[in-house]
Amino acid sequence: MKTKILFLSLMTSFFAGQIQAQNGTRVNAMSDEISDNLDLRAVADIFGDSKNLQDFERRLNDPKLQISNLDLNNDNEVDYLRVIETVDNNTHVIIVQSVLDRDVYQDVATIEVERDRYNKVQIQIVGNEYMYGANYIYEPVYYSTPTIYASFWLNNYRPYVSNWYWNYYPSYYYAWNPYPVYRYRNNIRLSLNINNNYNYVNYRRSNHATIIYNSRRSNGYERQYPDRNFSRRNSNIANRYELDQRRTSRNINARNDVNYSRNRTYNTREIASRRNENQRDNSQNRINSSRDNASQRTEQRRDFSQNRVNPSRESAPQRTEQRRDFSQNRVNPSRESAPQRTETPRDFSQNRVNPSRESAPQRTETPRNFSQNRVNPSRESAPQRTETPRNFSQNRVNQSRESAPQRTEQRRENQSRDNNRRS
């Protein structure tokens with residue numbers, strides 16, 4: 001039982017050590033470059049949207065906005081940023097400080113606001129030299145005049161000093177874990193107001209603001225880690241702006257190299273695949289050609305063998321048919337030619353003897369007509385001749401029959417006339 005307990009305790013301690021090691025490596029990976037964790041353009045953006053410095057401090061530490069990603073004390077929590085102000089006549093110097101421990105603060109950036117004699121306001125956001133390098137300055141150009149300007153030049157204006165410090169924070173604030181740099185940059189890129197412009201310059205417009213800042217400077221982190229200065233972190237680079245320029249050029253070159261290497265690998269792969277395909281095609285063409293040649297040879301052999309073997313099968317029927325045809329023509333000429341020979345004498349005999357069945361009708365009609373006309377004025381012309389004498393005889397008889405009464409009447413008339421004369 002004791003051995004089991006010891007084994008479990010050892011296992012728990014081992015896994016706990018691994019978890020702590022993973023947490024430590026994650027924090028170190030996120031804080032390689034300190035200036036990556038706070039974008040001064042985002043600071044200038046929320047400054048123009050704020051009503052006063054108290055509102056500006058609230059926006060800096062809002063867990064919903066997450067403007068900051070700084071974790072200088074490596075406690076795996078984003079540091080709270082407090083705001084203090086120093087005023088001298090028309091010059092306001094707003095200092096943004098990171099709270100690292102009890103009474104330990106590190107300046108991150110300053111906002112220098114100054115109004116000239118023509119009531120024109122000039123503003124510059126200056127990055128701390130330890131974190132961002134020398135003369136890393138942005139001048140924001142807002143699309144509308146910020147309302148925070150109106151509060152700076154009131155008659156009863158009092159400089160703002162934050163009331164919050166280590167382990168004493170406002171109710172809206174809670175610490176969150178820092179994000180990877182690429183995720184933080186994407187968040188800032190989305191939160192920036194596209195209507196504003198952020199111009200980079202490498203000089204300060206107000207010398208009086210520099211003097212005021214030196215009187216209120218805090219550099220607790222810089223004193224603890226002097227070797228982490230920007231010039232030592234990035235040799236031969238002046239400030240953060242130059243670092244960004246080199247990074248973009250490196251990224252472009254790296255992308256070009258990656259694309260070139262990909263194109264080379266793709267080209268080599270394509271060339272290799274094409275060569276393999278060509279080899280496969282050649283081998284397949286050779287194999288297929290050999291197969292085609294072999295198949296053609298076998299087919300030709302089969303054709304020749306069939307032509308040699310089967311000419312008898314093809315010619316034999318022709319010969320037998322020819323023999324049959326000749327034999328039929330020789331043996332039985334009567335069946336084909338006899339009808340013609342028998343028909344011709346039959347036709348002549350019929351034409352001579354009898355005006356017969358086929359051609360006789362034309363020839364027999366003419367002799368019948370002539371013979372009937374010459375020999376017997378019988379069946380066709382006889383009726384006419386017989387009718388005419390019959391008609392004449394009848395006319396004579398009828399005339400006799402018709403003239404007899406006329407004669408009797410004439411006789412009677414004559415007798416009556418004679419009687420009249422006599423009387």
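The values are calculated or read from the model by the stated rules, or taken from the named source; none is laboratory data. Computed from a predicted structure; not experimentally measured. Cβ placement follows ideal geometry from the backbone for every residue including glycine, while neighbour counts extend to all protein chains displayed.
Among the residues of region 81-104, those identified as part of a strand (DSSP E or B) and polar (S, T, N, Q) are T86, T91, Q97, S98.
Considering only residues in region 42-59 that are in contact with a strand residue (DSSP E or B) (Cβ under 7 Å, 6 or more places away or on another chain) and more than 11 Å from I94 (Cβ to Cβ), the one that is surrounded by the fewest Cβ atoms within 10 Å (Cβ to Cβ) turns out to be G48. Looking for something modelled with pLDDT under 95, assigned to a loop (DSSP other than H, G, I, E, B), assigned by TED's automatic domain parsing to the domain that holds T91 and of a type outside the set (K, R) - is there at least one such residue anywhere in region 184-193? The answer is yes, given that some residue of region 184-193 is modelled with pLDDT under 95, assigned to a loop (DSSP other than H, G, I, E, B), assigned by TED's automatic domain parsing to the domain that holds T91 and of a type outside the set (K, R). Is it true that some residue in region 144-162 is out of contact with any Leu (no Cβ under 9 Å at 6 or more places or on another chain), closer than 23 Å to N128 by Cα and among the hydroxyl-bearing types (S, T, Y)? No; the residues of region 144-162 include none that is out of contact with any Leu (no Cβ under 9 Å at 6 or more places or on another chain), closer than 23 Å to N128 by Cα and among the hydroxyl-bearing types (S, T, Y).
Is there a residue in region 106-126 that is within 53 Å of the chain's Cα centre (by Cα), over 28 Å from R205 (Cα atoms) and either in a strand (DSSP E or B) or without any contact (Cβ under 8 Å) to a residue 24 or more places away in the chain (or both)? Looking for residues that are within 53 Å of the chain's Cα centre (by Cα), over 28 Å from R205 (Cα atoms) and either in a strand (DSSP E or B) or without any contact (Cβ under 8 Å) to a residue 24 or more places away in the chain (or both), one finds none in region 106-126, hence no. Just one of (1) surrounded by 11 or more Cβ atoms within 10 Å (Cβ to Cβ); (2) over 22 Å from L53 (Cα atoms) fails for I194. It is (1).
Sub-7 Å Cβ pairs linking a first residue in region 47-58 that is more than 13 Å from V96 (Cβ to Cβ) to a second residue that is polar (S, T, N, Q), at least 6 apart or interchain, are G48/N196; K51/T147; N52/S151, ordered by first then second residue. Is it true that Y138 is hydroxyl-bearing (S, T, Y) and either free of Cβ contacts under 8 Å to residues at least 40 places away in the same chain or not assigned by TED's automatic domain parsing to the domain that holds I211 (or both)? Judged against the criteria, Y138 is not a match.
Does A150 satisfy the criteria of being farther than 18 Å from R82 by Cα and surrounded by fewer than 15 Cβ atoms within 10 Å (Cβ to Cβ)? Here the answer is yes, as A150 does meet what is asked.
With respect to the conditions (1) acidic (D, E); (2) modelled with pLDDT of 95 or more; (3) under 26 Å from I211 (Cα atoms), D116 falls short on a single one, namely (2).
Could you please let me know if I123 is touching a Lys or Arg at 6+ places or on another chain (Cβ under 9 Å), crowded, with 16+ Cβ neighbours inside 10 Å and among the aliphatic types (A, V, I, L, M)? When the stated conditions are applied, I123 does not pass them.
Between Y203, Y174, the distinction of being closer than 18 Å to I111 by Cβ, among the aromatic types (F, W, Y), out of contact with any helix residue (DSSP H, G or I) (no Cβ under 7 Å at 6 or more places or on another chain) and surrounded by fewer than 14 Cβ atoms within 10 Å (Cβ to Cβ) belongs to Y203 only. Might you check whether a residue that is in contact (Cβ under 8 Å) with a residue 40 or more places away in the chain, outside any helix (DSSP H, G or I) and in contact with a Phe, Trp or Tyr (Cβ under 7 Å, 6 or more places away or on another chain) occurs anywhere in region 201-212? No; the residues of region 201-212 include none that is in contact (Cβ under 8 Å) with a residue 40 or more places away in the chain, outside any helix (DSSP H, G or I) and in contact with a Phe, Trp or Tyr (Cβ under 7 Å, 6 or more places away or on another chain).
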